[in-house]
Amino acid sequence: LEYFNANNAWTMVEQNAVASAMAIYPFSKYSRLEASLAPTFFSRRYRGHTTSTVSNLYPIHSPTFSPQARLAWVFDNTLFGYLHPVDNSRAVILAEGAPPTGTNSGFFRFMADGRRYFMLGRRASLALRLMLGAVVGPDSAEYDFKIGGNGTLDFLYFTTENYPTLHSLPPYSLRGNFMQLLNVEYRFQF
């Protein structure tokens, strides 16, 4: 991925290669355990002049190999309406990380995301969501939580580290190693 800014004459170059293997064990129709292993190679550098604003958000990252592992419990018995879930619940509890393989590598992330939907007549619903998360380790800045946007962004920018959940904020305008989020939404159709 290369990004060029004509005003400041700099280019950010990111290289990322990953292969993954995943296994799923169903406990029931609504509940499952997911496990995955994803060996990853990642690096970031700049060409030309860079601004501190950009390099603070996306610091130089020396080439690093990272064997990432993930384990998640997923529950989902939602009833979908025309555009979104309208009744029942969904939840995920996940832990993922990578051991240190270099001087500034290694991280551990925990996240819990619970949602409850209440159908209010035929055209409305109430949605409650509570998300908690933490990421720690030398490489935690690369795997921090990014919140904002409406979820309709280009798939190139939506990854497991990004949570487009606050519709009134610009995409990924909130970032950090710790996350607490409570959403209460009244959803209705015109």
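Readers should treat all values here as calculations from the given coordinates under stated rules, not as data from a laboratory. In this text the structure is predicted, and so the values were computed from the model without any measurement. Cβ: placed from backbone, ideal geometry, glycine included. Neighbour counts: every protein chain shown.
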Exercise. Whole Å is fine, so just give me how far the alpha carbon centre of segment 99-129 lies from that of segment 11-47.
Key: 17
Self-check item: Using θ = phi - 60° and Karplus 6.51 cos²θ - 1.76 cosθ + 1.60, couplings along segment 67-84 (whole Hz; Gly, Pro as x)
Solution: x, 8, 10, 9, 9, 9, 9, 10, 10, 7, 10, 6, 9, 8, x, 5, 10, 7
Quiz item: Going highest first, how would you order 73-86, 176-189 by mean Cβ packing within 10 Å?
Solution: 73-86, 176-189
Exercise. Pull up all non-local amide H partners of G106: gap of 5 or more, or a different chain, and H-to-H distance under 5 Å with H placed in the peptide plane.
Key: T101, D139
Exercise. Tell me which residues come under 5 Å, amide H to amide H, from G81 once H is placed; ignore anything under 5 positions away on its chain.
Key: V86
Practice problem: Tell me which residues come under 5 Å, amide H to amide H, from L169 once H is placed; ignore anything under 5 positions away on its chain. | Solution: G149
